[in-house]
Amino acid sequence: MTFDDGPTQFADAILDLLKEKNMKATFFVVGNLYMNTADSNWARIVKRMYNEGHVVGSHTFNHKDLTTLSTDQIKSEMTQLEDAISQAIGKKPAFMRPPYGSGNGNQNVMSTLGSLGYTAAITWNLDSGDWDNKDINYAKQVFSGANGQGSISLNHLQYNGSTKESIIALASAEIDIMLSKGYTPVTMDKCLGLNAYQ
């Protein structure tokens, strides 16, 4: 179970839900989208994610499509966020998720990420459609279609038109469906067998 685009105003509610359900997730955070690194809540939420046993990965500082950037611009997007994450939790991420899922297979993007110490650029194979304002029934259908294969789900901590209630309802439904199908949710480091931090 992964969440993109945090921290947001709804992050604490998701963290409360995950604690209640005894679940761990991977959060691919950004530095300047719904909440900026200059906001003290940004560091507080990232610390809470980490301290509660979740993995914190990078989703770039400004959520830009890396395939449209130069090597130096990619480095800037990554290192600005690394520095903020490191200040919050004392570690630099080794995992990242390219915004829009764009960049896997792009030689410039992959070699630049590798030179910065990233060991995995993680996409997904189950898309809740939340970012496209698909309703909860669409997401339930997607998750119900998972039949034993390894699954990496795409969820967002905020999107256009989202509410705390809609985000909680979707995450709850995903958890319940995946558990009912016999899945054991794990963080990306356990899924990939790699260290989450550099």
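Straight-line cross-link reach from LYS64 at under 18 Å between alpha-carbon atoms covers these lysines, not counting any fewer than eight positions away in the same chain: LYS75.
Applying 0.36 nm per residue to the separation of ASN195 and SER76 and subtracting their alpha-carbon distance, the gain on full extension is 40.5 nm. Which entry is the computed P(r) over Cα pairs in 5 Å bins from 0, in percent for this structure: (1) 1, 8, 18, 21, 21, 17, 10, 4, 0, 0; (2) 1, 6, 9, 9, 8, 8, 7, 7, 7, 7, 6, 5, 5, 5, 4, 2, 1, 1, 0, 0; (3) 1, 7, 14, 17, 16, 14, 13, 10, 6, 2, 0, 0? It is the value labelled (1). Region 142-198 and region 87-101 have Cα centres separated by 18 Å.
For TYR183, TYR34, TYR50, the ranking by accessible surface with the largest value first comes to TYR34, TYR50, TYR183, using a 1.4 Å probe. Per-residue Karplus couplings for region 98-111, computed as 6.51 cos²θ - 1.76 cosθ + 1.60 with θ equal to phi - 60°, are listed in order as x, x, 6, x, 9, x, 4, x, 7, 4, 4, 4, 5, 5 Hz, Gly and Pro entered as x. For a modelled paramagnetic label at SER172, 7 Å from Cα along Cα-to-Cβ, the residues of region 15-45 in reach, with backbone nitrogen under 19 Å, are 15-25. Dipole magnitude for region 46-198: about 300 debye, using +1 per Lys or Arg Cβ and -1 per Asp or Glu Cβ, origin at the Cα centre.
Using the Karplus relation 6.51 cos²θ - 1.76 cosθ + 1.60 with θ = phi - 60°, the per-residue 3J(HN,Hα) values for region 117-124 come to x, 7, 9, 8, 10, 9, 9, 8 Hz, with x marking Gly and Pro.
A cut-off of 5 Å between modelled amide H atoms, ignoring neighbours fewer than 5 places along the same chain, links ASP127 with LEU154. Short-range pairs are left out: with C-alpha atoms under 8 Å and at least six residues apart, the relative contact order of region 45-142 is 26 percent. For the chain, the longest principal axis of the C-alpha atoms and the axis of helix 11-20 are separated by about 50°.
By the rule of a C-alpha distance below 20 Å, with chain neighbours fewer than 8 residues away ignored, the aspartates and glutamates paired with LYS190 are ASP4, GLU52, GLU174. I want the local charge near ASN147. Using Cβ-Cβ distances under 15 Å, sum +1 for each Lys or Arg and -1 for each Asp or Glu among the other residues. Net charge around ASN147: +2. Using the Cβ-Cβ distance between ASN51 and GLN87 with R0 set to 22 Å, the FRET efficiency from 1/(1 + (r/R0)^6) comes to roughly 0.90.
By DSSP, the beta bridges lying fully in the chain are antiparallel in about 10 percent of cases. For the chain, the longest principal axis of the alpha carbon atoms and the long axis of helix 40-51 meet at an angle near 70°.
For ASP135 and SER115, a Förster radius of 30 Å and the Cβ-Cβ distance give a FRET efficiency of 0.10, rounded to the nearest 0.05.
Using 0.36 nm per residue and subtracting the Cα-Cα separation, the extra length available between LEU179 and TYR100 on full extension is 25.7 nm.
The values are calculated or read from the model by the stated rules, or taken from the named source; none is laboratory data. Predicted, not measured: the structure shown is a model, and the values here were computed from it. Backbone-built Cβ (ideal geometry, glycine too); neighbour counts: all protein chains shown. The protein model used for the area step is the full one, side chains on, heavy atoms only, and it has no ligands, DNA or RNA in it. Shrake-Rupley method; radii C 1.70, N 1.55, O 1.52, S 1.80 Å.
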